[in-house]
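Participant: Before I ask anything, let me first share the structure, which is written out below as structure tokens.
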Amino acid sequence: MDRLFQPFRMAGHTLRNRVAMAPMTRARTPDGVPDDLTALYYAQRATAGLLITEGTPISATAEGFLCIPGLYRADQVAGWRKVTDAVHDAGGVIFTQLWHVGRVSHVSNQPGGVAPVSSTARIARDSQAWGMTEDGVPGAVDVSRPRALSTDEVRGVIADFAQAAANAIAAGFDGVELHGANGYLIEQFLNPTVNDRTDAYRGDTLEGRTRFVLDAIDAVIARIGAERTAIRLSPYGGLFDMQPYPEIEDTYLFLADEFSRRGLAYVHLMDQKSRGSVAIPPDFLARFRARYTGVLILAGGMTRDRAETLIDAGLIDIAAFGEPFIANPDLVARLEQGWPLRPADRGLHYGGGARGYTDYPTYQQESA
Ligand SMILES: Cc1cc2nc3c(=O)[nH]c(=O)nc-3n(C[C@H](O)[C@H](O)[C@H](O)COP(=O)(O)O)c2cc1C
């Protein structure tokens, strides 16, 4: 009965409800530094039990899209401090999503215009980044052919994850979520149709393909503690040329065991159906839930009914909403009161300023 709107204990915090705002890239920081507008946007949505920020690049080479706020420079840490202060003042809890795009990038996104890095030198087919077009203006560009990281360089990227996590804590975040979903670097190691390495991070063995994500998680835990460490995964997802493979279930259930042992803040699964890709099979969700003993979040096509059904069935703990939060800063109240949801203007999702970002009204404002 309405457990969705009841407080919930997670990683030492009392969340005011079981509604999370899913991470959403909004590309509104041309200099990569969060500002007052960023702070206002998140504070407006702080009635969610848990806010998860847009993906934040962990290094200059982790970038694949323009105008994204990162977490690897002092000015970015100072910018994020405005956001975390505003959210905490509004009584919210906020994690940030640590992001390395790997091969989903373009030479124009990379320092010195060099090739992006990945687990592989295989290019992501039919995939686009947001960089500088041949005409020298920002726009969608086919991703560039990546260069495979050497084993030493892999360790360097793991160190970048740990440093960015420490930066996040310095910026006042309550924790970090590693972006292990949607075809980016972590999934480029997990998926054996992409990962053709022959070293300790090889794709053709379970231990090899899961080593990168577990090493990264362990490095982050060592810096900031397991209670502040979380991860997002998209099993069965197909974004950015992630092809299915027979060992998907074994791979993710193995990770469920490993994450259970580590006592993470949460694991966040993303069902990509509402983003135009493949759904997580319902029986897989039940099997993952049986193996993963910690707090479980699910995102993707969530509604109040679906969230309550899944929580009541014991299949998830927290329901994350993405797109509905863009046009409904007061989404929690709208769901609880049964007020109508406003549709978002998709043309304003990425880039620009306040319009389509901080100017969506609450239900009370729109009906005044
Ligand atoms: C504008 C937009 C930007 C997004 N950016 C990210 C992102 O930075 N990181 C991520 O993991 N998912 C991202 N997503 C996916 C959302 O987190 C969410 O999982 C997805 O939209 C499905 O939930 P929904 O059906 O409630 O929108 C984005 C989605 C949208 C609509």
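Participant: About the Cα centre, and with charges only on the beta carbon of Lys, Arg (+1) and Asp, Glu (-1), how big is the dipole of region 3-366? Nearest 20 debye, please.
Facilitator: 380 debye
Participant: Using only helices, what value at 222 nm comes out for the chain when you add -39,500 (n - 2.57) per DSSP H run of length 4 or more and divide by the total residues, to the nearest 500 deg cm²/dmol?
Facilitator: Mean residue ellipticity, 222 nm, calculated: -10000 deg cm²/dmol.
Participant: Whole number in Å², please: accessible area per residue of region 8-65, 1.4 Å probe, ligands, DNA and RNA not counted.
Facilitator: Numbers: 1560 Å² over 58 residues.
Ligands and nucleic acids excluded, the figure is 27 Å² per residue.
Participant: Next question. Out of the DSSP beta bridges found with both residues in the chain, what percent are antiparallel (nearest 5)?
Facilitator: Bridges in the chain that DSSP calls antiparallel: roughly 20 percent.
Participant: Using Cα pairs under 8 angstrom and six or more residues apart, how large is the relative contact order of region 3-366, in percent?
Facilitator: 16 percent
Participant: I've got another one for you. Per 10 Å bin, what is the whole-percent P(r) computed from every C-alpha pair distance within the chain?
Facilitator: Computed distribution, short to long bins: 5, 26, 36, 25, 7, 1, 0.
Participant: Within 15 Å, Cβ to Cβ, of Glu153, how many net charges do the neighbouring residues add up to if Lys/Arg are +1 and Asp/Glu are -1?
Facilitator: +1
Participant: OK, next. Take each complete run of DSSP H in the chain, measure how far its Cα atoms stretch along the helix's own axis, and keep only those covering 20 Å or more with mean Kyte-Doolittle hydropathy at least -1.0; list them.
Facilitator: Working: long enough: 74-89 (22 Å, -0.60); 151-170 (29 Å, 0.49); 206-224 (27 Å, 0.66); 248-262 (21 Å, -0.42).
Those that pass (Cα extent of 20 Å or more, hydropathy at least -1.0) are 74-89, 151-170, 206-224, 248-262.
Participant: Then there is this: Provide the convex hull volume over Cα atoms per residue for region 30-103, in Å³.
Facilitator: Spread over its residues, the Cα hull of region 30-103 gives 76 Å³ apiece.
Participant: Also, I was wondering about something else. Tell me the net charge near Ser105. Cut-off is 12 Å between Cβ atoms, Ser105 excluded, with +1 for each Lys or Arg and -1 for each Asp or Glu.
Facilitator: Residues near Ser105 contribute +1 overall.
Participant: State the percentage of accessible surface on the chain attributable to carbon and sulfur atoms; use a 1.4 Å probe and exclude ligands, DNA and RNA.
Facilitator: Carbon with sulfur: 52 percent of the solvent-accessible area.
Participant: Considering only protein heavy atoms, what per residue accessible area in square angstrom results for region 217-301 with a 1.4 angstrom probe?
Facilitator: Normalised by residue count, the accessible surface of region 217-301 is 39 Å².
Participant: I want the local charge near Pro343. Using Cβ-Cβ distances under 13 Å, sum +1 for each Lys or Arg and -1 for each Asp or Glu among the other residues.
Facilitator: Around Pro343, the surrounding residues sum to 0.
Participant: Take the chain, connect every pair of alpha-carbon atoms lying under 10 Å apart with a spring to form a Gaussian network, then pick out the residue of Phe65, Phe259, Phe284 with the largest mean-square fluctuation.
Facilitator: Of Phe65, Phe259, Phe284, the Gaussian network model singles out Phe284 as fluctuating most.
The values are calculated or read from the model by the stated rules, or taken from the named source; none is laboratory data. This structure is a prediction, so every number in the text was calculated from the model and none was measured. Cβ coordinates were reconstructed from backbone atoms using ideal geometry, including for glycine residues, and neighbour counts include every protein chain displayed. Accessible surface areas use protein heavy atoms only, side chains included; no ligands, DNA or RNA. Shrake-Rupley method; radii C 1.70, N 1.55, O 1.52, S 1.80 Å.
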